[in-house]
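Comments concern the structure below.
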Amino acid sequence: IVQDVPLVPIVFAVMAIFTAFAFVKNDKVHSQAFLGVLSVFSVLLSIGSGFGLMFIVGVPFTSITQLLPFVIFGIGLDDSFIIMGAYSRMDPKMDSVDRIADTINEIGLSITLTTLTSALAFALGCISSVPAVYWLCMYGCPTILIVLLYQLTFFIACIVLDERRIAANRRDVFCCIAVPRECGDGGTAN
């Protein structure tokens with residue numbers, strides 16, 4: 001177990017870099033690389049919450065349970081990509097809250113059903129007579145449900161905050177720095 005512990009932060013870093021590159025655009029303001037990092041962070045929060053819940057309940061942590069973060073990253077980031085894909089297809093002239101509502105109306109059922117089927121698969125794994133599989137599934141079922149909860153709360157809130165950053169004409173990663181807007185006379189204004 002001790003030898004495999006460094007793999008989770010490495011996966012976190014690799015997935016954050018990958019997702020940041022997936023969300024990046026060749027525009028200082030409209031790029032959403034930091035939002036990609038926040039999507040990975042929401043999955044990491046889900047793993048911490050799910051594992052923490054199981055620790056409190058007293059479910060033993062086994063060596064095979066360490067495989068679960070890799071599965072959870074896949075499920076959680078899939079939801080992030082689906083949410084962002086649907087959100088980017090919405091009319092950008094709409095208010096961000098209305099765009100989010102339309103996005104969730106469009107894809108909410110599909111990500112909920114895929115999450116519920118994954119959680120059900122892990123729940124059915126809890127009837128296994130193999131102890132390692134049993135404990136893995138005990139961790140997996142609630143953690144997958146928590147991923148959906150974080151995607152529909154934390155990540156959605158991050159999207160709205162990112163839209164406010166874009167509306168304020170601020171840089172992607174360095175959101176405290178405003179990008180000058182071009183004025184009609186060829187000058188710039190902040």
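Read-outs: derived from the displayed coordinates by stated rules, not from any lab. Small disclaimer: the values here were computed from a predicted structure and weren't measured. Ideal geometry is used to build each Cβ from the backbone, glycine not excepted, and the neighbour counts take in all protein chains shown.
Past the 11 angstrom mark, what percentage of all C-alpha to C-alpha distances in region 125-166 do you count?
Details: 575 of 861 pairs.
For region 125-166, the share of Cα pairs beyond 11 Å comes to 67 percent.
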Quiz item: Which far-off residues, 5 or more places away or on another chain, put their amide H under 5 Å from the one on ARG170, with H placed in the peptide plane?
Solution: VAL179
Quiz item: What length, rounded to one decimal in nm, is gained on full extension from GLU106 through to THR153, with 0.36 nm per residue of separation minus their alpha-carbon distance?
Solution: 15.3 nm
Practice problem: Using mean projected area of the Cα convex hull in nm² as the read-out, say which of (i) 11.2; (ii) 11.7; (iii) 12.4 was calculated from these coordinates. | Solution: (iii)
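Provide the packing ranking of 75-84, 105-114, 52-61, i.e. peptides ordered by the mean count of other C-beta atoms within 10 Å per residue, highest first. Intermediate results must be reported in sequence, preceding the final value.
Working: 75-84: 21.4, 105-114: 14.0, 52-61: 12.2.
Result, highest mean first: 75-84, 105-114, 52-61.
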Quiz prompt | ILE64-LEU116 pseudo-label distance in nm [points 7 Å out on the Cα-to-Cβ vector] | solution = 2.8
Quiz prompt | Expected 222 nm ellipticity per residue - DSSP helices of 4 or more, -39500 (n - 2.57), all of the chain, to 500 | solution = -23000 deg cm²/dmol
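Could you tell me which of rounded, prolate or oblate describes region 41-116, using a ≥ b ≥ c as the square roots of the eigenvalues of the alpha-carbon gyration tensor, with rounded for a/c under 1.5 and, failing that, prolate when a/b is larger than b/c and oblate otherwise? Walk me through the intermediate numbers first.
Values: a/c = 3.03, a/b = 2.73, b/c = 1.11.
Cα axes put region 41-116 in the prolate bin.
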Quiz prompt | FRET efficiency estimate (nearest 0.05) - Cβ-Cβ, ARG171 to GLN3, R0 45 angstrom | solution = 0.65
Quiz prompt | Ranked packing of 130-137, 29-36, 11-18, most packed first, by mean Cβ within 10 Å | solution = 29-36, 130-137, 11-18
Exercise. Starting from the Cα gyration tensor of region 1-56, take the square roots of the eigenvalues, sort them a ≥ b ≥ c, and report rounded, prolate or oblate (rounded when a/c is under 1.5, otherwise prolate if a/b is larger than b/c, else oblate).
Key: oblate
